[in-house]
Ligand SMILES: Cc1cc2nc3c(=O)[nH]c(=O)nc-3n(C[C@H](O)[C@H](O)[C@H](O)COP(=O)(O)O)c2cc1C
């Protein structure tokens, strides 16, 4: 089943269980949440965690010395302090792209219900899906965006509700690079189906002029492009702060532009941004350094291969 544009400009969602039903797999995946504890990952089934979380919410703060609370016996149910940010527990919702925003990139009722429901369930931190730091950094025309004040105002409705439920509102910021300008997952070949400039797509850039699969040929990023992308991340982090987000995660994973610089498979450069691991990390670390906002936290999500060994977060 293919998505159809509705009156808001967002693509209609396929029915659950539709042939090739990415959405139904998606909903199943939403049941998975990832809790990151310091530098190691704990993965929990949401269904299991929900019981423990509800217990934790109503359990006394001090567990009895003789009969320990089953919730507080689990380290993942204890609060976590990240400088000025206190997270009620280590059950965090992973960023999962919804491809459900209208053309202006603002969150809608879909996002409020989707993320709000997990906050009501007791997750300590909700990481909003990969959100583009500029129009040319989107994967699809239905990506969330955060590069102007109007978008920040629309995100505030989301952050207010998450905060009211006791969850820390967090957002993943992204620049797609050579994986940009493709169709929605349930349209045609989805992430392998390019949308060309003449059909409403946009030009993409990458460390080297090497395409990703069947997507369009990207341009090699100039030094000016690199500086602009770092500035785009910094601006978007400022907008995130205005919107009420307490944590920003820089997407440096899954083949998007920061990861593409990290990987020797996509980075064939011979300047100071290519070659050695140190050179390949130079650009990806730039947005992390530039996104600091008072009272907030910035993290980086690198991919778990190509020399880094595993996923880690920098705080
Ligand atoms: C539908 C869907 C959308 C996703 N979108 C994002 C995303 O926006 N950003 C991101 O870093 N990871 C994204 N992921 C990956 C998840 O955050 C998470 O890492 C993954 O589901 C858990 O990996 P596992 O399969 O190894 O448990 C997405 C995963 C799914 C299933």
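The values are calculated or read from the model by the stated rules, or taken from the named source; none is laboratory data. Just so it is clear, the model here is predicted, and its values are computed rather than measured. Cβ placement follows ideal geometry from the backbone for every residue including glycine, while neighbour counts extend to all protein chains displayed.
Could you list all residues from the stretch 161-171 that are buried (at least 24 other Cβ atoms within 10 Å of the Cβ) and in contact (Cβ under 8 Å) with a residue 60 or more places away in the chain?
167, 168, 169, 170, 171
Quick check on my filter: what residues within the stretch 85-101 are in a loop (DSSP other than H, G, I, E, B) and more than 9 Å from the ligand (Cβ to nearest atom)?
Selection gives 88, 89, 90, 91, 100, 101.
Go through 202, 186 for me and flag whichever is over 14 Å from residue 107 (Cα atoms), surrounded by fewer than 20 Cβ atoms within 10 Å (Cβ to Cβ) and either under 21 Å from the mean Cα position of the chain (by Cα) or at pLDDT 95 or above (or both).
After applying the criteria, what remains is 202.
Go through (1) within 16 Å of the ligand (Cβ to nearest atom); (2) buried (at least 23 other Cβ atoms within 10 Å of the Cβ); (3) within 30 Å of residue 269 (Cβ to Cβ) and name the single condition residue 178 misses.
All conditions are met except number (1).
Given the conditions (1) touching a strand residue (DSSP E or B) at 6+ places or on another chain (Cβ under 6 Å); (2) more than 13 Å from the ligand (Cβ to nearest atom), report the number of the one that residue 121 does not fulfil.
(1)
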